[in-house]
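Read the structure below first, then the notes.
The values are calculated or read from the model by the stated rules, or taken from the named source; none is laboratory data. Because the structure is predicted, anything quoted here is derived from the model rather than measured. Glycine also receives a Cβ, built like all others from the backbone with ideal geometry; neighbour counts cover every protein chain displayed. For accessibility, only protein heavy atoms count, side chains too; no ligands or nucleic acids. Shrake-Rupley method; radii C 1.70, N 1.55, O 1.52, S 1.80 Å.
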Amino acid sequence: MNISVVSRNIGIALLFNALFMFMSVVVSVIYDFDSAFSPLLLSGVITFTTGLFPLIFVRKHEEIHIKEGFTIIVLSWILSCIFGMLPYVLWGGEFTLINAWFESVSGYTTTGGTILQDIEALPKSLLFWRSSTHFIGGIGVVVFMLLILPMVSTFKMRLSKLEMTSLSKENYRLRTKEAIRVISTVFVGLTIASALAFMFAGMGPFDAVNHAFSVVSTGGFSTKNASIGAFDSFPIELVAVVFMILGGMHFGLIYKTFSDRSAKLFRSPVTKLYLGTIVVVSVIISADLFIHGAGTGFWRTVWNSVFNVVSYISTTGFATVDCSVWPPLSILMLMFLSVQCACSGSTSGGLKTDRILIFWRSLRVQLRKQMHPSAVIPIRVGTSIVDTQMVAAVNLYIVVYFLFMFVGAALLCMMGVDFMDAFSASVASLGNVGPGFGSVGSLENFSQIPFMGKFILAAQMLFGRLEIYSLVIMFSIWKWR
């Protein structure tokens, strides 16, 4: 293990964090030096100094091996979360040490769950920093690093596969450097477009920027206690739905659609399944709400169904109503969306629609082989044939994912957490969705979860964001030969 290589690259990740801390300081100055000015300034200085130190005193190395690569990725995320909690801890209020850790991890992993009971009590600059962690985590700390580091192409490809899963590569066979440029362009472009759209819909500039950071990163942090519902505006909700859907799509396909002026995005079977799921589940929930008399008028009921379906499947977690009071079938459908989630190559979490599609295609092939044992039936996703090794890896990941989900829920139940709260919190945290149901629902928070429960949920957020294997590998990396 080359510690000097690891330290230099982690230092660059910390410098990006420091940049946004100083931007938050500027916001504090704009709002008459609010109460978070000193905490943010001190946090920025500490983070900047720590990140700059290895760049000055450690010699630069061009070659990085896969062992260092895994270490850089995992430690970049963990240390970003640690330094990201400094503004919260120094500011105080509801931010105890564990609460600050939970909020920081939730921000960087774009989960969006919060321990805050009164979000609007935070100063503007701290709210901006809170949303900035979504922006940093959404584009990926390591992707930031890859934009400026002249690393060897093999290593860059390995890193990019960890940051953005390689399942949805149809119509997107680009070299890693080009892929990173594409993702950055789409991410920043969507963020700017959403901020302008929110302002055009009637949202103030400050709220628009904060919600743009959240919606494109599919995070869910809001500047209001009642989330998007606080604005009580259909145009604002419509803008949120559009960009939540786009934030859950493969950024490479979005880029190719606009650059080639084609419909490649909508020809992808993954995109079709993603959009089809939104339509089907919205219809089911709307019908369920009408049957149980839980609606508030035809069009509003349908719209609430669509909005919350998109919010859960994209793992954004914005809310317009309290879904915890909906009928059991509607809650079950939203929980299913919290497991499936959106497409790979986006900022969403969960299993990803790509894996679900491959799973169902492989199941169909296995059923056909039962009737025709000698048949050679390839598994296709669009025009691409999925090899058996990929299918095995997908199915194994699904099993491991559910194992982590149930273990997390079991540990929370052992701490005395209600079953619905424990299970939905585990599903939402591992899937980076944010809100669960019950006391951790879309209009509630995680403040009542026990100390160790918050630590477990934060760990699940990291496992979900790094797709489990990266963190697991770290436990055995020192034994590699």
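Of Met151, Met157, all but one fail to be at pLDDT below 95, in a loop (DSSP other than H, G, I, E, B) and open to solvent by 10 Å² or more (accessible area, probe 1.4 Å); the exception is Met151. Of the set (1) farther than 27 Å from Thr218 by Cα; (2) of a type outside the set (Asp, Glu); (3) touching a Cys at 6+ places or on another chain (Cβ under 9 Å), all apply to Phe423 but (1).
Summed over region 212-233, residues that are in contact (Cβ under 8 Å) with a residue 40 or more places away in the chain and closer than 21 Å to Pro123 by Cβ total 11. Contact map, region 75-96: first residue closer than 22 Å to Ala13 by Cα and outside any helix (DSSP H, G or I), second residue modelled with pLDDT under 95 and aliphatic (A, V, I, L, M), Cβ cut-off under 6 Å, separation 6 or more or different chains; the map is empty.
Would you say Ile356 is of a type in the set (Val, Ile, Thr), over 24 Å from Val239 (Cα atoms), in contact with a Leu (Cβ under 8 Å, 6 or more places away or on another chain) and in a helix (DSSP H, G or I)? So Ile356 passes the test.
Results for (1) of a type in the set (Ser, Thr, Tyr); (2) touching a Leu at 6+ places or on another chain (Cβ under 8 Å); (3) more than 25 Å from Pro235 (Cα to Cα), shown as yes or no for each residue.
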residue	(1), (2), (3)
Val310	no, no, no
Pro327	no, yes, yes
Phe336	no, no, yes
Leu351	no, no, yes
Arg364	no, no, yes
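Against the conditions (1) without any contact (Cβ under 8 Å) to a residue 24 or more places away in the chain; (2) in a loop (DSSP other than H, G, I, E, B), Phe258 satisfies every one except (2). So, in region 1-35, exactly how many residues are within 20 Å of Ala100 (Cα to Cα) and touching a Lys or Arg at 6+ places or on another chain (Cβ under 8 Å)? Qualifying residue count for the region: 2. Checking Ser330, Ser346 one by one, the residue that is outside any helix (DSSP H, G or I), within 26 Å of the chain's Cα centre (by Cα) and under 30 Å from Gly438 (Cβ atoms) is Ser346 and no other. Hey, does region 373-393 have a residue that's in a helix (DSSP H, G or I) and crowded, with 20+ Cβ neighbours inside 10 Å? No, every residue in region 373-393 fails to be in a helix (DSSP H, G or I) and crowded, with 20+ Cβ neighbours inside 10 Å. For region 238-252, filtering for residues that are open to solvent by less than 10 Å² (accessible area, probe 1.4 Å) and either more than 23 Å from Leu196 (Cα to Cα) or not aliphatic (A, V, I, L, M) (or both) leaves 5. Any residue that is surrounded by fewer than 17 Cβ atoms within 10 Å (Cβ to Cβ), under 22 Å from the mean Cα position of the chain (by Cα), under 28 Å from Gly107 (Cα atoms) and among the β-branched types (Val, Ile, Thr) - is there at least one of those in region 255-274? No: zero hits. From the list Phe16, Phe48, the one residue that fits, being of a type outside the set (Lys, Arg), in contact (Cβ under 8 Å) with a residue 60 or more places away in the chain and touching a helix residue (DSSP H, G or I) at 6+ places or on another chain (Cβ under 7 Å), is Phe16. Return a yes/no flag: does region 340-348 have any residue that is in contact with a Leu (Cβ under 6 Å, 6 or more places away or on another chain), surrounded by 20 or more Cβ atoms within 10 Å (Cβ to Cβ) and either over 15 Å from Ile278 (Cα atoms) or among the β-branched types (Val, Ile, Thr) (or both). The answer is yes, given that some residue of region 340-348 is in contact with a Leu (Cβ under 6 Å, 6 or more places away or on another chain), surrounded by 20 or more Cβ atoms within 10 Å (Cβ to Cβ) and either over 15 Å from Ile278 (Cα atoms) or among the β-branched types (Val, Ile, Thr) (or both). Count of region 397-434 residues, restricted to those that are open to solvent by less than 10 Å² (accessible area, probe 1.4 Å), in a loop (DSSP other than H, G, I, E, B) and not small (Gly, Ala, Ser), is 2. Pairing residues of region 261-288 that are more than 13 Å from Leu357 (Cβ to Cβ) and in a helix (DSSP H, G or I) with residues that are among the charged types (D, E, K, R) and open to solvent by 10 Å² or more (accessible area, probe 1.4 Å), at Cβ distances under 8 Å and at least 6 apart in sequence or on separate chains, gives Lys264/Lys256; Leu265/Lys256; Phe266/Lys272.
Take Ile78 and tell me if it is under 23 Å from the mean Cα position of the chain (by Cα), open to solvent by 10 Å² or more (accessible area, probe 1.4 Å) and more than 21 Å from Met21 (Cβ to Cβ). So Ile78 does not fit the description; no. Can you confirm whether Val188 is open to solvent by 40 Å² or more (accessible area, probe 1.4 Å), part of a helix (DSSP H, G or I), modelled with pLDDT of 95 or more and out of contact with any Asp or Glu (no Cβ under 6 Å at 6 or more places or on another chain)? The answer is no for Val188.
Assigned to a helix (DSSP H, G or I) and more than 15 Å from the chain's Cα centre (by Cα): does that describe Ile228? Judged against the criteria, Ile228 is a match. Could you say whether any residue in region 38-53 is under 30 Å from Gly248 (Cβ atoms), part of a helix (DSSP H, G or I) and either of a type in the set (Asp, Glu) or modelled with pLDDT under 90 (or both)? For region 38-53, residues under 30 Å from Gly248 (Cβ atoms), part of a helix (DSSP H, G or I) and either of a type in the set (Asp, Glu) or modelled with pLDDT under 90 (or both): absent. Exactly one residue among Ser447, Ser442 is within 15 Å of Thr315 (Cα to Cα) and open to solvent by 10 Å² or more (accessible area, probe 1.4 Å), and that residue is Ser442.
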